[in-house]
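The values are calculated or read from the model by the stated rules, or taken from the named source; none is laboratory data. This is a predicted model, so every value here is computed, not measured. We place every Cβ from the backbone using ideal geometry, glycine too, and count neighbours over all the protein chains shown.
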Protein chains: 2
Amino acid sequence: MRALLMGPAVHPFRAGLEKMLSTKWELVETGGAMDDADVVRGLAEADAAIGIAFTKAAPPAPRLRLLQVPGAGYDGIQIPALPAGTSLCNCFEHEPGCSEYAMLAMLEWSIRLAAADADMRRGDWSRSSRFGGAPDGELAGSTVAIVGMGRIGKAVAKRAKAFDMRVLGVNRTVRADEPNVDAMYGLDRLAEAVRGADFVVLGCALTDETRGLVDARVLGAMQPHAVIVNVARGPVIDEAALHAALAGRRIGGAVIDTWWRYPTVPRQATAEWPHRFDLLDNVILSAHIAGWTTGTVQRRTRAMAANLDRLARGEPLDNLIAIGGRT
Amino acid sequence: MRALLMGPAVHPFRAGLEKMLSTKWELVETGGAMDDADVVRGLAEADAAIGIAFTKAAPPAPRLRLLQVPGAGYDGIQIPALPAGTSLCNCFEHEPGCSEYAMLAMLEWSIRLAAADADMRRGDWSRSSRFGGAPDGELAGSTVAIVGMGRIGKAVAKRAKAFDMRVLGVNRTVRADEPNVDAMYGLDRLAEAVRGADFVVLGCALTDETRGLVDARVLGAMQPHAVIVNVARGPVIDEAALHAALAGRRIGGAVIDTWWRYPTVPRQATAEWPHRFDLLDNVILSAHIAGWTTGTVQRRTRAMAANLDRLARGEPLDNLIAIGGRT
């Protein structure tokens, strides 16, 4: 059996997969674009492919039975483009990383450790109480609204509750017995939930329902000191509305890990960004790193190897999202 | 009744105390040094004093019945210097702040959000998994050894456990039923406890028993990647041994919030430091800010106002440490 590892995001899984697979697979590293020559050649013969993008521009893949996404979000996959009989599966396992990032974002916002370190290296002790320095904020007693009570949301809630935060959950389905949550809101009551929050953490999937969910109205309902943390997907927030709210200081700030657009090469002039978040002083920015941890890699490798093994043995696949019908 | 607020560390409590006191007090702000003229004048008449330092150089304080420390550590107070009949009390309430700082220190060490932000503002996306960026560490599944299972240690353990960390507790008294702790060690087994740890968090009081507790032997037992976080008191660590371990990269790093010496003015050339921690790249430094939060200030103000009220009403004082005998 042959599996393609499509694109640089997938190649690092190779060594781990080779170790963890119980069935016999030939693993072939290719580019990630539909028109890459090795993708065209590879899909002609592959039984499985692992990748984050698959579109209607895909070349024929007559033997493809599994398209495995090496992560949770499959917004790069056009489901109508899947060949007939190809199962689309994803995997999760990033909830420890994403929730740790979200807690770090809130803690850093309260304490400003990076600035404290820079101060000390300049010999500036003025934040010490000895010199009447202003005290920092505390997460204890503050309120976080978590949008999306899936795996990430639950993991954030568990950690936030141990910090003695008040936890509001916002979710399409309102479950009364959601653990570690003080109050649940439906998506239609999002503006109401954020009104009482010091922090808003986005951890939902990007779907038709959540695209642009955090718009000017929701941002307008946030308190002037409140901070939004996005470890979901960029387009869950209306980009122009967020930039305007930040630039106009109508909200306290934003920690942005997930983006509206991604560059195709690792260096990109920020001058190309339609909204210059990099010029703001009330944001913390990162390059979609929240879920990308050694633990995530290890758990996802295990999950993907198990799915390839299942395919080889003719067993039912795990985390099946859809089966393609394109002929 | 008259109470002195001795030194700039105490002055910010004034407005809150005036609001929270139920009994009638005149609050007088003075300097913090024993030979400050207003301290000499003030102690001649004060019924109570709030301060972080009191030494044998103290002027006569014939009416002083309460010396209240506005924090937990009273290592600045020479107990034999207390006038006869003066009660020494402290207060706590900084465990949310200190534990939040300790968790931030570990999270920032794993994720390096400050560096991620600097990267993005330069247009550098290379940490993204899209470009094969190296994954970050995770607290989940890692081990923290907490030295001192008092209020701070318990608060760190509770939070670390919610992050699915393995928690080792090190304490003078080994309690079998310590919550949120996987294994307990006596102080004499400290080297053994740190051997298995990815992080070592110090949250103990500075006493004869803990001074220099973390010495070259204990540092030598730490793993090469392990990181020590000090929110206790500087001298719990042997300063020269720590600097040598860091400079020689025999441990992974240190997050230092509490110091061996403090400046008397808020600006101090780091060139004066006997050990130049500021020149190392494997440390994060801050100016004793961990416990200094708005929540700590509010809770301590309430606790100190309650003690002044108790004194005025002749009721037993809270958090009594010692009663002076100096005549």
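When the range A:52-102 is filtered for residues that are in the same structural domain as A:Asp36 (by TED's automatic domain parsing) and hydroxyl-bearing (Ser, Thr, Tyr), the ones remaining, listed by number, are A:Thr55, A:Tyr74, A:Thr86, A:Ser87. Do we have any residue at all in the range A:224-233 that's in contact (Cβ under 8 Å) with a residue 40 or more places away in the chain and more than 20 Å from B:Arg112 (Cα to Cα)? For the range A:224-233, residues in contact (Cβ under 8 Å) with a residue 40 or more places away in the chain and more than 20 Å from B:Arg112 (Cα to Cα): present. If only residues of the range B:257-273 that are surrounded by 15 or more Cβ atoms within 10 Å (Cβ to Cβ) and of a type in the set (Val, Ile, Thr) are counted, the one that is nearest to A:Ala134 (Cα to Cα) is B:Thr258. Scanning the range B:313-327 for residues that are surrounded by 18 or more Cβ atoms within 10 Å (Cβ to Cβ) and more than 27 Å from the chain's Cα centre (by Cα) gives no hits. Screening B:His11 on (1) modelled with pLDDT of 95 or more; (2) surrounded by 14 or more Cβ atoms within 10 Å (Cβ to Cβ) shows it passes everything except condition (1).
In the set (1) in contact with a Phe, Trp or Tyr (Cβ under 7 Å, 6 or more places away or on another chain); (2) within 14 Å of another protein chain (Cβ to nearest Cβ), B:Ala81 fails one condition alone, (2). Of the residues contained in the range A:285-303, none is found to be more than 27 Å from B:Ala134 (Cα to Cα) and more than 14 Å from chain B (Cβ to nearest Cβ). Is the range B:103-119 home to any residue that is of a type in the set (Gly, Ala, Ser), touching a Lys or Arg at 6+ places or on another chain (Cβ under 8 Å) and not in a loop (DSSP other than H, G, I, E, B)? Scanning the range B:103-119, I find at least one residue that is of a type in the set (Gly, Ala, Ser), touching a Lys or Arg at 6+ places or on another chain (Cβ under 8 Å) and not in a loop (DSSP other than H, G, I, E, B), so the answer is yes. Of all residues in the range B:291-306, those satisfying the criterion of being surrounded by fewer than 23 Cβ atoms within 10 Å (Cβ to Cβ) and within 11 Å of B:Leu21 (Cβ to Cβ) are B:Arg302, B:Ala305, B:Ala306. Would you confirm whether or not the range A:17-38 contains a residue that is small (Gly, Ala, Ser), in contact with a His (Cβ under 9 Å, 6 or more places away or on another chain), modelled with pLDDT under 95 and assigned by TED's automatic domain parsing to the domain that holds A:Arg300? Looking for residues that are small (Gly, Ala, Ser), in contact with a His (Cβ under 9 Å, 6 or more places away or on another chain), modelled with pLDDT under 95 and assigned by TED's automatic domain parsing to the domain that holds A:Arg300, one finds none in the range A:17-38, hence no. Scanning the range B:257-305 for residues that are in a loop (DSSP other than H, G, I, E, B), β-branched (Val, Ile, Thr) and more than 21 Å from B:Leu113 (Cβ to Cβ) yields a total of 3.
Restricting attention to the range B:77-86, does a residue exist that is polar (S, T, N, Q) and under 21 Å from B:Asn319 (Cβ atoms)? Checked the range B:77-86: at least one residue is polar (S, T, N, Q) and under 21 Å from B:Asn319 (Cβ atoms). When B:Ser128, B:Ser142, B:Ser110 are checked against the criterion of being of a type in the set (Ser, Thr, Tyr) and within 20 Å of A:Trp109 (Cβ to Cβ), B:Ser110 stands alone in meeting it. The requirement of being of a type in the set (A, V, I, L, M) and over 25 Å from A:Val201 (Cβ atoms) is fulfilled somewhere in the range A:105-126, by at least one residue.
Selection over the range A:14-38 of residues that are crowded, with 16+ Cβ neighbours inside 10 Å and among the polar types (S, T, N, Q) gives a count of 1.
Being at the interface with chain A (Cβ under 7 Å from one of its Cβ atoms) and at pLDDT 95 or above is a property that holds for B:Ile111.
Within the range A:123-134, take every residue that is over 21 Å from B:Leu113 (Cβ atoms) and either in contact with a Lys or Arg (Cβ under 9 Å, 6 or more places away or on another chain) or more than 7 Å from chain B (Cβ to nearest Cβ) (or both) and give me the one that is surrounded by the fewest Cβ atoms within 10 Å (Cβ to Cβ).
Checking each candidate, the answer is A:Ala134.
Condition check for A:Arg300 on (1) more than 15 Å from the chain's Cα centre (by Cα); (2) within 24 Å of A:Gly31 (Cα to Cα); (3) in the same structural domain as A:Phe13 (by TED's automatic domain parsing): one failure, at (1). Output yes when any residue across the range B:265-280 is under 27 Å from A:Phe163 (Cβ atoms), of a type in the set (Ser, Thr, Tyr) and not assigned by TED's automatic domain parsing to the domain that holds B:Leu88, and no when none is. There is no residue in the range B:265-280 that is under 27 Å from A:Phe163 (Cβ atoms), of a type in the set (Ser, Thr, Tyr) and not assigned by TED's automatic domain parsing to the domain that holds B:Leu88.
For B:Arg175, state whether it is in the same structural domain as B:Ser110 (by TED's automatic domain parsing) and either in contact with an Asp or Glu (Cβ under 8 Å, 6 or more places away or on another chain) or modelled with pLDDT of 95 or more (or both). No.
One line per residue, one yes/no per condition, for (1) small (Gly, Ala, Ser); (2) over 19 Å from the mean Cα position of the chain (by Cα):
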site: A:Met120; (1), (2): no, yes
site: A:Pro135; (1), (2): no, yes
site: A:Gly169; (1), (2): yes, no
site: A:Glu178; (1), (2): no, yes
site: A:Ala191; (1), (2): yes, yes
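Figure legend. Inter-residue proximity from the range A:11-25: first residues more than 14 Å from chain B (Cβ to nearest Cβ), second residues part of a helix (DSSP H, G or I) and of a type in the set (Asp, Glu), beta-carbon distance below 8 Å, spacing 6+ or different chains. Indicated pairs: A:Leu21/A:Asp309; A:Ser22/A:Asp309; A:Thr23/A:Asp309.
Within the range B:250-275, residues that are within 12 Å of another protein chain (Cβ to nearest Cβ) have Cβ atoms under 6 Å from residues that are hydroxyl-bearing (Ser, Thr, Tyr) in these pairs: B:Asp257/B:Ser286; B:Pro266/A:Ser126, counting only partners at least 6 apart in sequence or on another chain. Take the conditions (1) aliphatic (A, V, I, L, M); (2) buried (at least 22 other Cβ atoms within 10 Å of the Cβ); (3) in contact with a helix residue (DSSP H, G or I) (Cβ under 8 Å, 6 or more places away or on another chain); B:Leu88 misses just one of them, which is (2).
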